[in-house]
Amino acid sequence: MPEAPLPKDFLWGFATASYQIEGAPHEDGREDSIWDVFCRIPGKIADASSGDVACDSYHRTHEDIALLRECRAKAYRFSLSWSRIIPLGGRNDPVNEKGLQYYVQLVDDLHAAGIEPMITLFHWDLPAELDKRYGGLLNKEEFVKDYENYARVVFKAMGSKVKYWITYNEPWCSSILGYSTGLFAPGHTSDRTKSAIGDSSREPWIVGHNLLIAHGAAVKAYRDDFREKDGGQIGITLNGDWVEPWDADDPADVEACDRKIEFAICWFGDPIYFGKYPDSMRKQLGDRLPQFTEEEIALVKGSNDFYGMNHYCANYIKHKDGPAEPEDFTGNLEMLMENKAGESIGPETQSVWLRPYPIGFRKLMKWLSDRYGGPVFYVTENGTSLKGENDLPLDELLQDDFRCEYFRGYIGALAAARSKDGVDVRGYMAWSLMDNFEWAEGYETRFGVTYVDYNGGQKRHPKKSAKAIGDIFDGLMEKE
Ligand code: PNW
């Protein structure tokens, strides 16, 4: 028998995020997050919906855990709602014991079910009060201290029970979608037809910087005061897609590919692994990109125990000539779905930005592993929507062969990255355990391996892919 590509302790499971599944926005003392506020602004969410009910997971954690068991998951990645735990968010604001206990109970119940919890501290739902009080993520002095305090409250309450911590989910999204395009909360942008406030040329870079410092501060807190007794690991999750040149014969397109990854991923990865921003970003952004002080570098450099990787798709990259626009956040290039020959990078899905290209997963993992000296990787999200899925009758919808095929391709690519390219990847969380509130897309776009009937009491129906993932891992992992 040839050796299996994945070890028997490979940690696989499913991911979700608080605002996307919980509902119960004002129960047991929870206060608004910036997403509650954002959803109330007409025109921001495609179907005018919100996370008010979502999957109702606040009342159905037992159903969620039963689903995880049915899927044979070994781990569950979920995020905490900061404003459930500290409703107003700040370091001098009261802790809400009921909100905190909801998560402690969830962790206990997961352990009882034999499922390893992986916790994201921040998946975009900043307490709204902090945005109002001092400008939220834009205010380095206040925000870093409040975030560190929140992290400590959580480590103290459940540090002994949780071995995997993620400080931030996709800081690129908080910075760019929240402060450049305005597509996500709090919706800042220079585009005055969309928002009265915002400066897309500056704010995203300030926010990204502040998120990095806050990440470093939380990691330091964990390492100083919890790691030794609790024995866990902590890292950040970065999103990033693979890239192929629009014209493989044009050196400028080939070069633009690396620049795209630097702007999207190394913006955060380089400070964490090297203590500086990529040269390509400094060159284009000049002093709009903040400078690290010596103290900040000391906090940020070396602050990952593992690299959390979210990955969905790929793009073709075409360089642009001439100077970059002040609002550009891509690295002065175009991201396209088709190459020069008119070939699509992959089949269409319900998400305009997502076309599957499994080999890109293997290539990106290798690219990142080479750049950062072979860190430990946990894939913390990977998954797909299906074009028109929401319009199908239930019996057809549950036969989600396209999604099964996606997972076969992507998990196969991960196995190859590990067994053939030597990438040290130790875990994989599929996005998502169930259909949920897909941010600005509302409920029309579904990413779940479980169908959630939003008009039928949030009843859950596992799709074909819910079982397929376990079968794929069975085929790839060493036997017990
Ligand atoms: C991730 N884009 O977000 C998030 O972490 C999840 O909460 C989300 O539900 C999932 O992917 C599916 O969208 C992204 O526009 C959202 O490029 C948008 C983009 C990328 C990632």
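The values are calculated or read from the model by the stated rules, or taken from the named source; none is laboratory data. Not measured: the values here are computed from a predicted model. Heads up, the Cβs are rebuilt from the backbone with ideal geometry, glycines too, and the neighbour counts pull from every protein chain shown. Please note that ligands, DNA and RNA were not included when accessible areas were found on the heavy atoms of the full protein model with its side chains. Shrake-Rupley method; radii C 1.70, N 1.55, O 1.52, S 1.80 Å.
Overview of results
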item: Gained length - residue 370 relative to residue 248, 0.36 nm times residue gap less alpha-carbon distance; result: 41.7 nm
item: Global form of segment 174-236, assessed from the alpha-carbon gyration tensor, a/c cut-off 1.5; result: prolate
item: Estimated FRET transfer efficiency when R0 is 25 angstrom, pair residue 387-residue 464 (beta carbons, to 0.05); result: 0.90
item: Portion, in percent, of the accessible area of the chain that falls on carbon or sulfur, probe 1.4 Å; result: 50 percent
item: Residue-by-residue Karplus 3J(HN,Hα) for segment 117-122, coefficients 6.51, -1.76, 1.60, Hz, glycine and proline x; result: x, 10, 10, 9, 6, 9
item: Summed side-chain charge close to residue 187 - residues other than residue 187 whose Cβ falls under 9 Å, Lys, Arg +1, Asp, Glu -1; result: +2
item: Largest-first ordering by accessible area, 1.4 Å probe, given options 97, 129, 441; result: 97, 441, 129
item: Relative contact order for the chain, counting Cα pairs under 8 Å that sit 6 or more residues apart, in percent; result: 18 percent
item: Alpha-carbon centroid distance for the pair segment 61-85 / segment 200-236, whole angstrom; result: 24 Å
item: Residues in segment 49-65 that a label on residue 27 would reach, taking backbone N under 15 Å of a point 7 Å out along Cα→Cβ; result: 51-65
item: Contact order normalised by residue count of segment 294-388, Cα under 8 Å, 6+ apart, percent; result: 38 percent
item: Surface accessible to a 1.4 Å probe, residue 69 within the full protein complex, Å²; result: 140 Å²
item: Where 154, 376, 37 fall by accessible area, highest first, once all protein chains stay in place (1.4 Å); result: 37, 376, 154
item: Long-range Cα-Cα pairs in segment 1-73 (distance over 15 Å), rounded percent; result: 66 percent
item: Sequence-distant residues sharing a close amide H with residue 307 (under 5 Å, placed H); result: 376, 377, 378
item: Relative contact order computed over segment 172-303 (Cα-Cα under 8 Å; 6+ residues apart), in percent; result: 22 percent
item: Net charge of neighbours whose Cβ lies under 12 Å from the Cβ of residue 266, counting Lys and Arg as +1 and Asp and Glu as -1; result: +1
item: Loop sites in segment 281-377: GluC sites (Glu not before Pro), DSSP, at most 11 other Cβ within 10 Å; result: 343
item: Two-site FRET efficiency, residue 41 against residue 291, from Cβ-Cβ distance with R₀ of 30 Å, rounded to 0.05; result: 0.30
item: FRET E, pair residue 453, residue 340, Förster distance 51 Å, beta-carbon r, rounded to 0.05; result: 0.70
item: Per-residue [θ]222 nm for the chain (sum of -39500 (n - 2.57) over DSSP H runs n ≥ 4, rounded to 500); result: -11000 deg cm²/dmol
item: DSSP H segments from the chain that extend 20 Å or more along their own axis, Cα-based, with Kyte-Doolittle mean of -1.0 or above; result: 97-112, 140-158, 203-225, 401-419
item: Point-to-point label distance, residue 92-residue 359, nm (Cα→Cβ direction, 7 Å offset); result: 5.9 nm
item: Whole-angstrom Cα spans of segment 225-370 along principal axes, big to small; result: 56, 34, 27
item: Residue 40 accessible area, 1.4 Å probe, all protein chains in place, Å² to nearest 10; result: 140 Å²
item: Charge dipole of segment 11-476 about the Cα centre (unit charges at C-beta), most positive-ward option of 49, 365, 349; result: 365
item: Whether segment 261-327 is rounded, prolate or oblate, judged on the alpha carbon gyration tensor where a/c under 1.5 counts as rounded; result: oblate
item: Solvent exposure, largest accessible area first (probe 1.4 Å, DNA, RNA and ligands not counted), of 287, 247; result: 287, 247
item: Cβ-defined net charge surrounding residue 47, 15 Å radius [Lys, Arg +1; Asp, Glu -1]; result: -4
item: Anisotropy class of segment 312-409 from Cα gyration tensor, a/c 1.5 cut; result: oblate
item: Alpha-carbon centroids, segment 406-451 and segment 264-294: separation in whole Å; result: 29 Å
item: Descending semi-axes in whole angstrom, ellipsoid equivalent of segment 11-476, from the Cα gyration tensor; result: 29, 28, 23
item: Where the chain is the region considered: accessible area per residue in Å², 1.4 Å probe; result: 38 Å²
item: Cα-projected label distance for residue 108 with residue 194, points at 7 Å along beta-carbon direction, nm; result: 4.4 nm
